[in-house]
Amino acid sequence: LRPFLRLNGQPLYEYDIHNSQPLFMIQLYKDNCKEKRRFQELVLSGRFYEFLNEQSGNKYKDRNKLKQGFYKQLAFGTLFGFRFRLAAAFQRHFPILFSRVEILKLDNYKDLAEKLQKTEAEIMIGIVVKEARLNNIPVLTIHDSILTPEPYREAMKNIINSAFFAQLGFFPPLKEGI
């Protein structure tokens, strides 16, 4: 349906934050260690999920199912009890981050998801949408995506990049399209 959406009668251009949940997990590192740099490189290059799938035996053939597995096994589900393949591969390759995830989930397994989604909302709604409105740029949001009419696409990209760099210290991987 997205290709048929219009705002003020104009077709929309979409910026989707690629690997958004892992992207927001970068903030869980306390220092700039070798593991963080490796994790960040995989996330910013858009290869994080594929790497994790390879390291866990290539069980997933569909990227959406792979992401759902990651959410269920690590980001949004409980970590205790049976260890799933993706979570085990994540723990093997990113032990520091895995321990931070465990700590965040100790009291309530939903705490990690809430922290990641709060950061996303603060940046996407609190900064990006606010800045777009201040600049009279029409905008819609769908989860980790921003939609704007085609004539505003470059201005919107600059706003997104500036917001992420100011808040997290890097530009987000963006999937762009109509």
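Quick check on my filter: what residues within the stretch 147-158 are open to solvent by less than 20 Å² (accessible area, probe 1.4 Å) and either more than 16 Å from Asn8 (Cβ to Cβ) or touching a helix residue (DSSP H, G or I) at 6+ places or on another chain (Cβ under 6 Å) (or both)?
Thr148
The set of residues from the stretch 1-53 being more than 14 Å from Ile178 (Cα to Cα) and of a type in the set (D, E, K, R) comprises Lys30, Asp31, Lys34, Glu35, Lys36, Arg37, Arg38, Glu41, Arg47, Glu50. Beta carbons closer than 6 Å, at least 6 apart along the sequence or on distinct chains, pair a first residue in the stretch 62-75 that is touching a residue at least 24 places away in the same chain (Cβ under 8 Å) with a second that is surrounded by 13 or more Cβ atoms within 10 Å (Cβ to Cβ) and among the aliphatic types (A, V, I, L, M) for Phe70/Leu86; Leu74/Ala87. If you go through the stretch 1-22 and pick out every residue that is within 22 Å of the chain's Cα centre (by Cα) and either in a strand (DSSP E or B) or crowded, with 17+ Cβ neighbours inside 10 Å (or both), you end up with 11. Could you list, in sequence order, the residues of the stretch 29-60 that are in a helix (DSSP H, G or I), within 13 Å of the chain's Cα centre (by Cα) and surrounded by fewer than 20 Cβ atoms within 10 Å (Cβ to Cβ)? Those that are in a helix (DSSP H, G or I), within 13 Å of the chain's Cα centre (by Cα) and surrounded by fewer than 20 Cβ atoms within 10 Å (Cβ to Cβ): Leu42, Leu44.
The values are calculated or read from the model by the stated rules, or taken from the named source; none is laboratory data. Since the structure is predicted, the reported quantities are computational estimates derived from the model, not experimental observations. Methodologically, a virtual Cβ is constructed for each residue, glycine included, from the backbone with ideal geometry; neighbour enumeration extends over all protein chains shown. What goes into the accessible areas is simple: the full protein's heavy atoms, side chains included, and nothing from ligands, DNA or RNA. Shrake-Rupley method; radii C 1.70, N 1.55, O 1.52, S 1.80 Å.
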